[in-house]
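Colleague: So that we are looking at the same thing, I have put the structure below in structure tokens.
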Amino acid sequence: MHAALFAFLWFGIHWQSQQPIAVEAEVWSPDIKEAAPTPPEPTPVPQPTPVPKPEPVVQETAPPPPKVVLPPVPDPEIALEKEKKRKEQERKDQQRQEELEKQQQLQKQQAEEERKDKLKAEAEQKAAKDKAAAQDKQKQEAAKKLEADAAKKKQAAEAAAETKRRSDEMKRMLGQAVGNGAANSTGTAAQSQGPRGDPGYGQRVGAKIKSNINFNVPDGLAGNPAVEFDVELLPDGSVASVRLKKSSGVSGFDEAVKRAIEKSAPYPKDKSGSVPSSFIGIHKPKDQ
């Protein structure tokens, strides 16, 4: 339809734009006649303005669809062979990975066992050192104990010997005091500071202690039992210790004598100008 319309318009416009064709003819006559005047030139016919040709309408057409290229169909046998090789490779890779993990696990176990063995050896060494140190300490303590026991035994033996010596000396001094008629008045003897001693000191000490004894003798008391105290003195005359050597059997009287000994401090000096280091106090309840 577009092509026919285009042809119709083209021919119509072309037909209208053509000029008429002029035909000239000469007529000869046998008679000489005056030539006819030349006809005037025809008036030019104005040419119509050409109508522009319409542009042909081109119908847009959709581009052809792309050509579909189908992938080549793989050969089933080749694909099966490739799949088989792939699975085999995966199996090998997995097997290598498992072996690697086993090796790593084995190395870890070995390292852990070595660490435990090392800790055990260190613990055993430490235990052995501690045991040896404990044994050495026990040996040292045992040796010190033996030395201390020996020293105590020696001190005890010396103290026993000194006590016996003082007891013997006191008995000797008491014998002297009785011979002088003073035993009934004091009932107390002081330790001798030398072979000659000081019997008068014993009388003074006994009298001082007796004045501080506060005890009521029971009416039914049988006999006149004596109490003996070993008294240790300091250089200033104060009491260092009071130890009961022999009880009278009357606990009240024993306590009364002990309190009197402590209350009588400080004790005086003897004729040598010093305080005796100790004395034995002997008192009887009915002599107070």
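Every residue, every condition in (1) surrounded by fewer than 10 Cβ atoms within 10 Å (Cβ to Cβ); (2) at pLDDT 70 or above; (3) of a type outside the set (Val, Ile, Thr); (4) in a loop (DSSP other than H, G, I, E, B), yes or no:
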| site | (1), (2), (3), (4) |
| --- | --- |
| Asp31 | yes, no, yes, yes |
| Glu34 | yes, no, yes, yes |
| Val45 | yes, no, no, yes |
| Pro65 | yes, yes, yes, yes |
| Gln94 | no, yes, yes, no |
| Glu101 | no, yes, yes, no |
| Ala123 | no, yes, yes, no |
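Colleague: Further question: Go through region 173-288 and tell me which helices (runs of 4 or more DSSP H), entirely inside it, have 2 or more residues that are at pLDDT 90 or above and crowded, with 21+ Cβ neighbours inside 10 Å. Quick ask: steps written out before the conclusion?
Modeller: Details: elements: 183-186, 199-211, 251-263.
Hits in region 173-288: 199-211, 251-263.
The values are calculated or read from the model by the stated rules, or taken from the named source; none is laboratory data. Every value quoted in this text rests on a predicted model; they were computed, and no experiment measured them. A quick note on method: Cβ atoms are made from the backbone with ideal geometry, for glycine too, and the neighbour counts reach across all protein chains shown.
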